[in-house]
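*Asks:* Take a look at the following structure, please.
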Amino acid sequence: PTPLLEIADLHTHFDTADGEVRAVDGVSLSVRPGRTLCVVGESGCGKSITARSVLQLVDSPGRIVSGAVHWAKPGEDPVELTGLETDGEQMRAIRGNDIGMVFQEPMASLSPMYTVGAQLSEAIRLHREVDPAEARRIGVELLERVGIPQAEGRFDAYPFQLSGGMCQRVMIAIALSCDPALLIADEPTTALDVTTQARILDLLKGLQRDTGMAMMFITHDLGVVAEIADDVTVMYLGRAVEHGTVEQIFTEPKHPYTRALLESLPTMDETAARRPLTAIRGMVPHPQNRPSGCPFRTRCDFAMPGVCDVDAPPETAFADGHQAYCHLYSSSDERAVPLPAPTV
Ligand code: SF4
Ligand code: MG
């Protein structure tokens, strides 16, 4: 089926005193209707900026330099979001009606000055012509839907009177108030304790089942990916390095970076517990010191001199939409050797 959201060769740069930083450097990815795409990578890989670029919410001095974001809601004409005026009516309508967004810090997203209900009602009345009493009824119902007990009373509470997990549920209720076809969630559980994190993931999965909305879920945590993803895009230094279904990524990772991420994952498995935790060697280079050729080559155990430092790795397509960008798989290069079997 046609992707609901398709990002094609997106470049989002920041003009800094030290020069231009290419935070997003040619990302392509797509979200299919009704499915959850997890965008995973270490901090600084450009995943949040990619998400914000979709909604044209990149803060200055950042700007989308090139590329396209195609939005194709079933039954409506496709729109190229990058072609819309950043704060124009059409972009605001899409932000308010079609695509909801939830961020990492619920406390920072809610205003401390207004009650939860006031903020929820405002969101509801932005896209529905209802009187305050009706907005309250819908708001309380939404709070109940996101699992807030005593919703009627919590409607009149201030954010500081609620826990971080409750505030994140409020943010999810606000995002759902427009009945979005796509929910973009940027590390929505990272600031929460493990138990609350698991409950919020369950909530999101349940809401997705009930509403059929798609999700683009940004995370650095492969445990979260295993829990919630249908599809996965792995990002490194502003680029996508591998795309696949969650099964493909976990059982047949192709890119050395994906492999390294999986190998650094602690497991509950007995034998694995005896294996020392492996972190990926070296550090992510600063985007201003982007390596030539393959962005991962400074940390890659399989880097081929004269190849990986020279050319950007081409796309290789494997079974059913599984793709990776790595010279190891370019059949034209006789120095390319297949990767040994994964150890996870
Ligand atoms: Fe490693 Fe080369 Fe593949 Fe990059 S292109 S991931 S350096 S083998
Ligand atoms: Mg981030």
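*Asks:* Calculate log10 I(q)/I(0) of the stretch 14-73 for q = 0.16, 0.23, 0.24, 0.27 Å⁻¹, where I(q) comes from the Debye formula with a single equal point scatterer on each Cα and nothing for solvent.
*Replies:* The computed values of log10 I(q)/I(0) come out as -0.56, -1.08, -1.16, -1.37.
*Asks:* Please label the shape of the stretch 1-126 as rounded, prolate or oblate, based on the square roots a ≥ b ≥ c of the eigenvalues of the alpha-carbon gyration tensor (a/c under 1.5 means rounded; beyond that, a/b larger than b/c means prolate, else oblate).
*Replies:* Oblate, since a/c reaches 1.5 and b/c is not below a/b.
*Asks:* Taking the Cβ of Gly117 as the centre, find all other residues whose Cβ is under 14 Å away and add up their charges (Lys, Arg: +1; Asp, Glu: -1).
*Replies:* Working: positive: Arg125, Arg136, Arg137, Arg154, Arg169; negative: Glu122, Glu134, Glu141, Glu144, Glu152, Asp156.
Overall, the nearby charge balance is -1.
*Asks:* In the chain, which longest range has no GluC sites (Glu not before Pro) that are both DSSP loop (not H, G, I, E or B) and surrounded by at most 13 other Cβ atoms within 10 Å?
*Replies:* 130-333
*Asks:* Have a look at Leu222, Leu142, Leu162 and tell me which one the Gaussian network model of the chain (Cα, springs below 10 Å) gives the largest fluctuation.
*Replies:* For the chain, modelled as a Gaussian network with Cα springs under 10 Å, the answer is Leu162.
*Asks:* Next up: Hey, can you rank 58-71, 95-108 by average C-beta count inside 10 Å, highest first? Could you put the intermediate results ahead of the total?
*Replies:* Details: 58-71: 16.0, 95-108: 19.2.
So the order, starting with the most tightly packed, is 95-108, 58-71.
*Asks:* For the stretch 131-287, rounded, prolate or oblate, judged on the Cα gyration tensor with a ≥ b ≥ c (square roots of eigenvalues), a/c < 1.5 rounded, else prolate if a/b > b/c?
*Replies:* Prolate is the answer for the stretch 131-287, as a/c is 1.5 or above and a/b outweighs b/c.
*Asks:* Along the Cα→Cβ direction, 7 angstrom out, place labels at Glu20 and Thr195. What is the inter-label distance in nm?
*Replies:* 5.1 nm
*Asks:* Right, here's the next one. For the stretch 134-177, just list the percent of Cα-Cα distances falling in each 10 Å bin from zero outward, please.
*Replies:* Pairs per bin, as whole percents: 32, 63, 5.
*Asks:* In nm, give the distance between the simple-model label positions of Ser60 and Lys205, each being 7 Å from the Cα along the Cα-to-Cβ direction.
*Replies:* Once both label points are built, they end up 4.4 nm from each other.
*Asks:* Based only on other Cβ atoms within 10 Å, what is the fewest-to-most ordering of Thr12, Thr298?
*Replies:* Arranged by neighbour count, lowest to highest, Thr12, Thr298 become Thr298, Thr12.
*Asks:* Gap in Å between the Cα centre of the stretch 218-234 and the Cα centre of the stretch 122-169?
*Replies:* After rounding, the separation between the Cα centres reads 29 Å.
*Asks:* Can you give the Rg and Dmax of the stretch 68-185 based on its C-alpha atoms, in angstrom?
*Replies:* 15.0, 44
*Asks:* I need Ser53, Ser264 ordered by Cβ neighbour count within 10 Å, fewest first.
*Replies:* Working: Ser53 25, Ser264 13.
Result, fewest neighbours first: Ser264, Ser53.
*Asks:* What nm value, rounded to one decimal, do you get for the distance between Thr251 and Ala133 when each label is placed 7 Å out toward the C-beta?
*Replies:* For the pair Thr251/Ala133, the computed spacing is 5.7 nm.
*Asks:* Okay, moving on. So what is the calculated 222 nm ellipticity per residue for the chain, using -39500 (n - 2.57) for each DSSP H run with n of 4 or more, over all residues, to the nearest 500 deg cm²/dmol? Don't skip to the answer; put the middle values down first.
*Replies:* Numbers: 12 runs with 108 residues, N = 344.
Per the formula, -9000 deg cm²/dmol.
*Asks:* How fast does the chain diffuse by Stokes-Einstein, in µm²/s, taking the Kirkwood radius from C-alpha pairs at 10 °C and 1.306 mPa s?
*Replies:* This corresponds to a translational diffusion coefficient of 74 µm²/s.
*Asks:* Another question, then. Using Cβ counts within 10 Å as a stand-in for footprinting exposure, how do Asp131, Asp202 rank, fewest first?
*Replies:* Asp131, Asp202
Bear in mind these aren't lab numbers, they're just calculated from the coordinates by the rules spelled out. Note that the coordinates shown come from a computational prediction; the quantities given were computed from them, not determined experimentally. Cβ coordinates were reconstructed from backbone atoms using ideal geometry, including for glycine residues, and neighbour counts include every protein chain displayed.
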